[in-house]
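*Asks:* Handing you this structure, nothing more for now.
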Amino acid sequence: MLRRSIILALALLVLVGAASYGAEEIKIGLITSTTGDTATFGISVRNAALLWEKQVNARGGILGRQVKIYVEDDKGMPSDAANAALKLINQTKVPVIIGAVTSNCTLAAAPIAQANKVPILTPTSTNVTVTQIGKYVFRSCFLDPLQGQVMARFAVSTLKASTAAMLYDVSSDYSMGLAESFKKQFEALGGKVVASETYSRGESDFSAQLTKIKRVDPDVLWLPDYYNTVGLITRQARQLGIKKATFIGVDGWDSSDLVPLAGDSIEGGYFSNHYSAESTRPMAVAFIKAYTDAYKATPDALAALAYDGCLVVEDAIRRAGKVDSEAITSALATTKNVEAVSGVLTLDADRNPIKDAVVLQVKGGKFVYVTSVSP
Ligand code: PHE
């Protein structure tokens with residue numbers, strides 16, 4: 001009898017031990033671009049996600065289990081993003097993926113997650129079509145039509161612009177979508193798009209397009225692309241004698257590399273973004289402090305959004321009560337009122353949130369808060 005109870009007690013101990021101490025960590029995949037054309041985006045995203053990982057584990061993890069993020073670098077290339085999704089799903093066997101960063105990469109990775117029924121949440125990809133891929137694809141940032149609308153309104157009302165030129169990347173869904181929504185909104189407000197010029201990824205000489213734009217002398221030049229291309233364009237534009245036009249753009253400008261690349265040419269430009277480092281939301285203040293302490297750099301919008309995406313996934317796993325792709329998918333779909341750095345997050349039936357945008361100005365080489373706009 002005694003022996004039996006001792007054996008029973010021992011067996012129980014082993015079981016309990018396995019459940020708590022030996023509990024397997026929760027694997028979370030992260031697809032980001034830590035090298036390549038949009039490396040500053042990916043590094044900010046990785047930094048913020050690893051900061052969250054540290055914090056959540058210090059809080060005791062999720063469902064009593066520690067969290068481990070598996071980072072895959074997509075180099076800003078859609079084909080690498082697709083391979084990263086395959087690897088995370090088939091080899092690492094993650095139940096959920098955060099990423100990718102740029103819309104062009106997420107549009108390549110998300111169909112793989114969708115086909116394998118593994119939920120994927122992009123914290124940063126704004127192109128409309130991303131979440132249309134299917135019910136396993138979620139996002140926690142605003143959509144591009146908002147950026148087109150906010151900046152068209154800003155150009156007309158604040159900058160008093162009546163004419164605009166656009167220069168955009170026809171090989172990028174992100175850039176194309178933004179050109180389309182700006183044009184629509186600017187014209188709806190009575191403005192006129194007097195030149196619409198294009199290029200493809202990898203081009204670095206924009207003199208032909210800019211010469212045409214110079215001829216029509218627009219009030220504003222709409223540049224919906226990432227910082228590395230925008231920096232080249234604004235530099236060449238001023239060199240070619242485009243003096244009057246105010247440069248306006250989008251979240252893709254948000255990089256500590258923009259001003260070093262563009263030099264003075266970008267000074268005075270405006271762009272829409274997801275967050276300002278001047279935010280006084282308590283969540284933002286705490287995040288900015290923790291991030292700055294950890295990385296000795298002020299977090300940009302990418303960092304803030306990545307952290308927010310992690311919070312949404314954390315909330316979903318807690319509500320799911322188990323680490324299972326189907327359960328996490330259902331929980332993500334009912335995300336409601338998650339207090340985050342860039343706002344309060346609730347996902348709608350199309351798996352997108354509704355959020356405010358901010359307008360920032362490049363002033364003295366820094367990004368200065370101008371205004372907030374609600375949709
Ligand atoms: N919205 C961009 C995209 O979809 C990514 C991005 C987000 C860039 C936030 C800068 C800041 O490609």
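Values quoted throughout were computed directly from the atomic coordinates according to the rules given, and no laboratory measurement underlies them. Predicted model, so just to flag it, every value in this text is computed and none were measured. Cβ: placed from backbone, ideal geometry, glycine included. Neighbour counts: every protein chain shown.
*Asks:* Which of these, Leu50, Leu189, Leu360, has the largest mean-square fluctuation under a Gaussian network model of the chain (Cα springs below 10 Å)?
*Replies:* Judging by the Gaussian network model, the answer is Leu189.
*Asks:* Note down the magnitude of the dipole of the chain about its Cα centre, charges +1 on Lys and Arg C-beta and -1 on Asp and Glu C-beta and zero elsewhere, to the nearest 20 debye.
*Replies:* Dipole magnitude for the chain comes out near 720 debye.
*Asks:* What are the lysines whose alpha-carbon lies under 18 Å from the alpha-carbon of Lys54, with same-chain residues fewer than 8 places away excluded?
*Replies:* Those lysines meeting the cut-off are Lys27, Lys68, Lys289, Lys296.
*Asks:* On full extension of the chain, what length is gained from Thr346 through Arg319, given 0.36 nm per residue of separation minus the C-alpha to C-alpha distance?
*Replies:* Length gained, Thr346 through Arg319: 8.3 nm.
*Asks:* Apply 1/(1 + (r/R0)^6) to the Cβ-Cβ distance of Lys160 and Glu278, taking R0 = 22 Å, and write down the FRET efficiency to the nearest 0.05.
*Replies:* 0.30
*Asks:* With each label point set 7 Å from Cα along the Cα-Cβ vector, what nm distance links Glu24 and Val216?
*Replies:* With each label placed 7 Å out from Cα toward Cβ, I get 5.8 nm.
*Asks:* For a quick check, take a GNM of the chain with Cα springs below 10 Å and name the residue from Arg235, Arg65, Arg201 with the largest mean-square fluctuation.
*Replies:* Of Arg235, Arg65, Arg201, the most mobile in the Gaussian network model is Arg201.
*Asks:* Of Pro145, Trp222, Ser200, whose Cα points farthest to the positive end of the dipole of region 145-273 (charges on the beta-carbon: +1 Lys, Arg; -1 Asp, Glu; origin at the Cα centre)?
*Replies:* Checked the options; the winner is Trp222.
*Asks:* While we're looking at this one, here's another question. Using R₀ = 41 Å, calculate the FRET efficiency as 1/(1 + (r/R₀)^6) where r is the Cβ-Cβ separation of Gln239 and Val285; round to 0.05.
*Replies:* 0.50
*Asks:* Here's another thing I want to ask about it. Determine the equivalent ellipsoid of the chain by diagonalising the alpha-carbon gyration tensor, then write out the semi-axes as square roots of 5 times the eigenvalues, largest first, rounded to whole Å.
*Replies:* Listed largest to smallest, the semi-axes of the chain are 43, 19, 18 Å.
*Asks:* Rounded to the nearest 500, what is the 222 nm mean residue ellipticity of the chain from helices alone, with -39500 (n - 2.57) per DSSP H run of 4+ residues and division by all residues?
*Replies:* About -13500 deg cm²/dmol.
*Asks:* With a cut-off of at most 14 other beta carbons within 10 Å, and DSSP calling the residue loop, which trypsin sites (Lys or Arg not before Pro) in region 278-334 qualify? Please list them.
*Replies:* Lys296, Lys322
*Asks:* Tell me, in nm to one decimal, what length is gained between Arg153 and Lys296 on full extension, where the rule is 0.36 nm per residue of separation less the Cα-Cα distance?
*Replies:* Length difference between fully extended and current span is 47.9 nm.
*Asks:* Right, next: Which helices pass in the chain if a helix is a full DSSP H run, must span at least 15 angstrom along its long axis by Cα, and must have mean Kyte-Doolittle hydropathy not below 1.6?
*Replies:* 2-20
*Asks:* Need one number: nm distance between label points at Ser196 and Asn57, each 7 Å from Cα along Cα→Cβ, rounded to one decimal.
*Replies:* It is 5.1 nm.
*Asks:* Here's a follow-up. Radius of gyration and Dmax for region 145-273's Cα atoms, expressed in Å?
*Replies:* When restricted to Cα atoms, region 145-273 yields Rg and Dmax of 12.9, 35 Å.
*Asks:* Let me ask you something else. When only DSSP loop residues count, what GluC sites (Glu not before Pro) in region 24-79 have their Cβ near at most 14 other Cβ atoms within 10 Å?
*Replies:* Sparse-neighbourhood loop GluC sites (Glu not before Pro): Glu24, Glu25.
*Asks:* Another question, then. Compare the Cα positions of Leu360, Ala349, Thr129 along the charge dipole of the chain (+1 at Cβ of Lys, Arg; -1 at Cβ of Asp, Glu; about the Cα centre) and return the one farthest towards the positive end.
*Replies:* Farthest towards the positive pole: Ala349.
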